[in-house]
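Please find one structure pasted underneath; my questions will follow.
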Amino acid sequence: MSLLNIENLRKSYGHNVILRDLSLDVAEHEVMVLIGASGSGKSTLLRCVDLLETVDDGLIELQGQDITDPRVNADQVRSRIGIVFQSFNLFPHLTVLDNITLAPRKVHRVPAEQARERALATLDRVGLRHRADAYPDHLSGGQQQRVTIARSLVNDPVLMLFDEVTSALDPELVGEVLAMLRDLKSEGMTMVVATHEMGFARQVADEVCFLDGGRVLERGSPGQVLGEPRQERTQQFLKRIIEAGRL
Ligand SMILES: Nc1ncnc2c1ncn2[C@@H]1O[C@H](COP(=O)(O)OP(=O)(O)OP(=O)(O)O)[C@@H](O)[C@H]1O
């Protein structure tokens with residue numbers, strides 16, 4: 001059974017159809033990398049999976065549960081999913097530790113000491129325990145993004161979603177965040193990663209999925225989709241990426 005199963009998903013903003021009958025399944029422990037031109041719907045898809053958007057039609061199943069059913073508790077679903085965006089969204093007036101313990105304490109009612117222990121263990125995982133008492137402004141962009149990842153990991157999610165997590169970083173800081181994602185993969189985390197980093201897609205993806213106009217146009221191994229794309233639109237997209245020096 002797939003950990004995540006999406007069938008015929010449709011999402012519009014007004015008359016603007018963004019996702020058109022999009023279907024995609026992600027197996028447990030799989031790393032699925034989404035590529036596609038700006039506006040092809042990658043972020044919208046991730047936001048729908050995290051229930052940040054209501055969908056117009058279709059099905060999203062997480063561990064066999066239809067999470068688009070209006071009767072499901074969205075907070076409960078979101079505690080099983082971690083999502084990390086391009087922007088770090090850390091609270092500047094809270095320490096690293098308090099940023100991480102905030103949701104467990106306020107949303108999930110975890111006792112303070114337990115939340116602290118969990119947060120410190122998660123900071124260990126991302127190599128930042130020694131910065132627990134620092135404020136976000138005193139960290140590099142790469143470290144802030146690792147804290148954001150720690151904040152998502154603290155609930156022990158079964159699925160992690162990453163939306164262009166290196167786009168806001170200076171080039172020399174991209175590596176440490178991508179290394180984090182590689183570590184998560186080696187731990188067996190199931191991940192869906194929207195990225196423009198084709199080199200990263202090639203290295204970590206189990207499958208690459210090319211989105212075009214809100215549909216999955218092509219899907220396969222990184223070697224196949226990036227190396228021998230079947231669809232003309234995929235070929236054109238990769239040609240542009242190569243011309244921009246990003247492959
Ligand atoms: N809240 C919104 N209201 C209206 N239109 C939106 C909204 N969010 C996204 N869109 C539109 O949906 C389309 C798809 O956007 P989306 O961000 O999902 O694409 P993307 O593939 O992630 O692009 P990028 O690579 O630039 O992040 C775009 O045309 C965008 O303008």
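The values are calculated or read from the model by the stated rules, or taken from the named source; none is laboratory data. Note that the coordinates shown come from a computational prediction; the quantities given were computed from them, not determined experimentally. No Cβ is skipped: glycine too gets one built from the backbone with ideal geometry, and neighbour counts run over all protein chains shown.
For segment 66-81, does any single residue satisfy the condition of being closer than 30 Å to Asp170 by Cβ and either of a type in the set (A, V, I, L, M) or without any contact (Cβ under 8 Å) to a residue 60 or more places away in the chain (or both)? Quick ask: steps written out before the conclusion?
Start the filter on segment 66-81 by keeping residues that are closer than 30 Å to Asp170 by Cβ, which leaves 81.
Going one step further and asking which of them are either of a type in the set (A, V, I, L, M) or without any contact (Cβ under 8 Å) to a residue 60 or more places away in the chain (or both), we end up with 81.
There is at least one residue in segment 66-81 that is closer than 30 Å to Asp170 by Cβ and either of a type in the set (A, V, I, L, M) or without any contact (Cβ under 8 Å) to a residue 60 or more places away in the chain (or both).
Each row is one residue, and each column tells you yes or no for (1) under 20 Å from Thr190 (Cβ atoms); (2) modelled with pLDDT of 90 or more; (3) not in a loop (DSSP other than H, G, I, E, B).
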{"site": "Asp75", "(1), (2), (3)": "no, no, yes"}
{"site": "Phe88", "(1), (2), (3)": "no, no, no"}
{"site": "Leu102", "(1), (2), (3)": "no, yes, yes"}
{"site": "Arg105", "(1), (2), (3)": "no, no, yes"}
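For segment 34-56, what are the residues that are farther than 18 Å from Glu7 by Cα and outside any loop (DSSP other than H, G, I, E, B)?
Ile35
Let me ask something additional. Using the structure shown, decide if Ala74 is aliphatic (A, V, I, L, M), in contact with a Leu (Cβ under 7 Å, 6 or more places away or on another chain), over 15 Å from Asp156 (Cα atoms) and surrounded by fewer than 18 Cβ atoms within 10 Å (Cβ to Cβ).
Judged against the criteria, Ala74 is a match.
Here's another thing I want to ask about it. Being of a type outside the set (Val, Ile, Thr) and under 19 Å from Thr122 (Cβ atoms) is true for just one of Ser186, Ser221, Ser167. Which residue is that?
Matching residue, one of Ser186, Ser221, Ser167: Ser186.
Looking only at segment 44-60, which residues are of a type in the set (A, V, I, L, M), surrounded by fewer than 16 Cβ atoms within 10 Å (Cβ to Cβ) and away from the ligand (no atom under 12 Å from the Cβ)?
Correct list: Leu59 only.
Determine which member of the set Val31, Val55, Val96 is of a type in the set (A, V, I, L, M), more than 18 Å from the chain's Cα centre (by Cα) and closer than 22 Å to Ala194 by Cβ.
Only one candidate qualifies: Val55.
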